[in-house]
Amino acid sequence: MQGRMNARRYLQRLIDDYSEEEFNCAERKVCLLPLWRRTQKLIDEILEASYSDMYQERVVGGSMPIPDAQRIIEKKESHPEYQRISRNISAVEMAFSFLPEKEQEFVSMFFFEEVCHQGDHMEHVANLLGWGRRTVGRWRKKCLRGMMPFLEDVDTILIRAKYAEKLCNEKQ
């Protein structure tokens, strides 16, 4: 019986759409979404603070200055790091939106809740849901399989420090 079960799992892995490494890579991409959102929010706050000017209405050299909001938008649109983070966030959110509601709930619990990333992750989620570890593993793969086509262009680098520093230090 055990030999047939192992043979069936081996055959399933051979004919599966994605390898275990591809599932792990997709999982890393999905897990980075909350971090990317926090990073994007932080960059937004830094830009807004760096362009705030209490003397904004003054006229310099006879011409009106470009409004702060416009300068911030231009900086975000021209900065490669900010655009990369925005593309990654959009791709993961798009993948998430195409999942059925039950799978969205599972993905939120499995990948996005901070509490779930302590200790034995699979066991913790299984206990929360009242499922077995193998069921949680199957749902992980099922959800990731549904999200895979949207995750192909997402990268797993959190942020390139030199670009972030440049973005925060530059003023126009």
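Readers should treat all values here as calculations from the given coordinates under stated rules, not as data from a laboratory. No experiment lies behind these values; they were computed from the predicted model shown. Counting neighbours? That spans all protein chains shown, and the Cβs are built from the backbone with ideal geometry, glycine included.
Fully extending the segment from Glu21 to Glu77 would add 16.8 nm, taking 0.36 nm per residue of separation and subtracting the current Cα-Cα distance. Please tell me which of these pairs span more than 26 angstrom C-alpha to C-alpha: Lys76/Lys102; Lys76/Lys141; Lys41/Lys75; Lys41/Lys141? Over 26 Å Cα-Cα: Lys76/Lys102; Lys76/Lys141; Lys41/Lys141.
Karplus-derived 3J(HN,Hα) values for region 128-138, using 6.51 cos²θ - 1.76 cosθ + 1.60 with θ = phi - 60°, are 4, 8, x, 10, x, 4, 5, 5, 4, x, 5 Hz; glycine and proline are entered as x.
Taking the fewest neighbouring Cβ atoms within 10 Å as the starting point, the ordered list for His121, His79 is His121, His79. Between Leu42 and Phe98, the FRET efficiency estimated from the beta carbon spacing at R0 = 22 angstrom works out to 0.20. Using a 10 Å cut-off around each Cβ, can you sort Met94, Met147, Met122 from fewest to most neighbouring Cβ atoms? The fewest-first ordering by Cβ neighbours comes to Met94, Met122, Met147.
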